[in-house]
1. Just to confirm a number: summing +1 for Lys and Arg and -1 for Asp and Glu over residues other than L447 whose beta-carbon lies under 15 angstrom from that of L447, what do you get?
2. For C102 and Q506, FRET efficiency with R0 = 25 Å and r from the beta-carbon atoms, rounded to 0.05?
3. Relative contact order of region 280-508: what whole-number percent is it, with Cα pairs under 8 angstrom and at least 6 residues apart?
4. Once the Cβ-Cβ distance between L482 and R110 is put in as r, and R0 is 51 Å, what FRET efficiency do you end up with, to the nearest 0.05?
5. Which distance in nm do the two modelled labels at F467 and I254 give, with both placed 7 Å along the Cα-to-Cβ direction?
6. If I model a spin label at S403 and I382 as a point 7 Å from the Cα along the Cα→Cβ vector, what separation in nanometres do I get?
7. What length, rounded to one decimal in nm, is gained on full extension from Q416 through to M288, with 0.36 nm per residue of separation minus their alpha-carbon distance?
8. Looking at region 339-385, what % of the alpha carbon pairs are farther apart than 12 Å?
Amino acid sequence: MAKGEGSESGSAAGLLPTRILQGAERPAQVKKEPKKKQQLSICNKLCYAVGGAPYQVTGCALGFFLQIYLLDVAQVDPFSASIILFVGRAWDAFTDPLVGFCISKSSWTRLGRLMPWIIFSTPLAIIAYFLIWFVPDFPRGQALWYLLFYCLFETLVTCFHVPYSALTMFISTEQSERDSATAYRMTVEVLGTVLGTAIQGQIVGQADTPCLQDSNGSALASEGTNHTQSATSLKKTQNAYLLAAGVIASIYVICAVILTLGVREQREPYETQQAEPMSFFRGLRLVMSHGPYVKLIAGFLFTSLAFMLVEGNFALFCTYTLGFRNEFQNLLLAIMLSATFTIPIWQWFLTRFGKKTAVYIGISSAVPFLILVAFMKSNLIITYVVAVAAGISVAAAFLLPWSMLPDVIDDFHLKQPQSHGTEPIFFSFYVFFTKFASGVSLGISTLSLDFAGYQTRGCSQPARVQFTLKMLVTIAPIVLILLGLLLFKLYPIDEEKRRENKKALQALR
């Protein structure tokens, strides 16, 4: 859902010199005349925060709607759609470290070192995003068209969001100001997920997507009339997707302009005093041999896969299994609004009762409602209740990984006190595994629909397709959630261990 909001912040730290990351460890200098603290205005913080919206708005629209768009509007066959979704997500996973490496080699310009990437990637990203939702006139080359522009957009949006996340370290030299700006950013990013779901869902939901009824014994003239009406209705649906793409693209541009005009990138004074950083592969070997990190990744990998399966197949499930063809956009909005309002509650809960307890209660709270959906008959009121309950679990899954990763890093630093600058590896490889797994889940689920006999543009689907969708949205996520929670039993950092690590780190520093 949310595509891993804290991820680029972590990986972006790799763009910074090691000396900056170790700034807190330098011995105190001889006292000089106190510097005036650099304050960021509320306007500066808001302009910075707005820059986080494009990634979330476009990510939500693609995550919830791309699969049903490819199958029912663009009429790509299910096998080709599974290739597009898998390769696009897998490519997105690989571009994060690649773009980060390229940015780290960039020179300082009059606009800064990060801002040129944001400015010049924006118009190209807008074009690529718009073309994802355009149906070309050559049916035989459609799969290649969507694969090309999906991968291109994911590359360009990474070129925007990775430097944007790194910009946190260059908007102020005061840590308190950076923290405050980050809080503004996270608020806007959460609102961005709601905005993306609402815009795409409400615009597309107004169009009556045409479907083909079984025409046993229908008259030829009637078939021709139905075909003409269907073609007209399909064109309206395609135009609705283009309109939604245009609105979201406009928001992308507006946010990029506000960010560029309202935020000034400052050159870090320590850039000329870099220490020799640890080799990437040595740091990777140390990180991947750290037990708590491996167990945390494994646990969240299974639970993330569960929610990704629900996200990717939810529109098809509502349309064909539950029969709510004209309601799924409202159900999506209910999920995202519920998640938005419950994030502060989970933040309070994990500080009050501990993070492992929050994981068990927050993630497992989706299971009874998924079981209810698996066995109930179509009921709109119950489905809305389940959507709200799912949003509560989504909020926990959204927040908890980024709350627990710092605890793992603290534990690592205690065991490897000489290994500095490894923080970006912890964050970026969590993102890599999550995005790659997302591609696998979408590819396999779409391929499963192909094997089950999915009928493109059908008003209804065969019983095997409906059963497959029910398995993908209910039973498979339940199994993955239970496996993930079982792995969390092996995760060794509870609240007592976390407090011990905190005291030990304070003594070490």
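1. 0
2. Result of the calculation: an efficiency of 0.10.
3. 41 percent
4. Details: r = 55 Å, r/R0 = 1.08.
So the FRET efficiency works out to roughly 0.40.
5. For the pair F467/I254, the computed spacing is 4.8 nm.
6. 3.1 nm
7. Values: separation 128, 0.36 × 128 = 46.08 nm, distance 1.29 nm.
Answer, rounded to one decimal: 44.8 nm.
8. The share of Cα pairs beyond 12 Å in region 339-385 comes to 68 percent.
Just so you know, all these numbers are worked out from the coordinates, no wet-lab data involved. In this text the structure is predicted, and so the values were computed from the model without any measurement. Every residue, glycine as well, gets a Cβ built from its backbone with ideal geometry; the counts of neighbours run over all protein chains shown.
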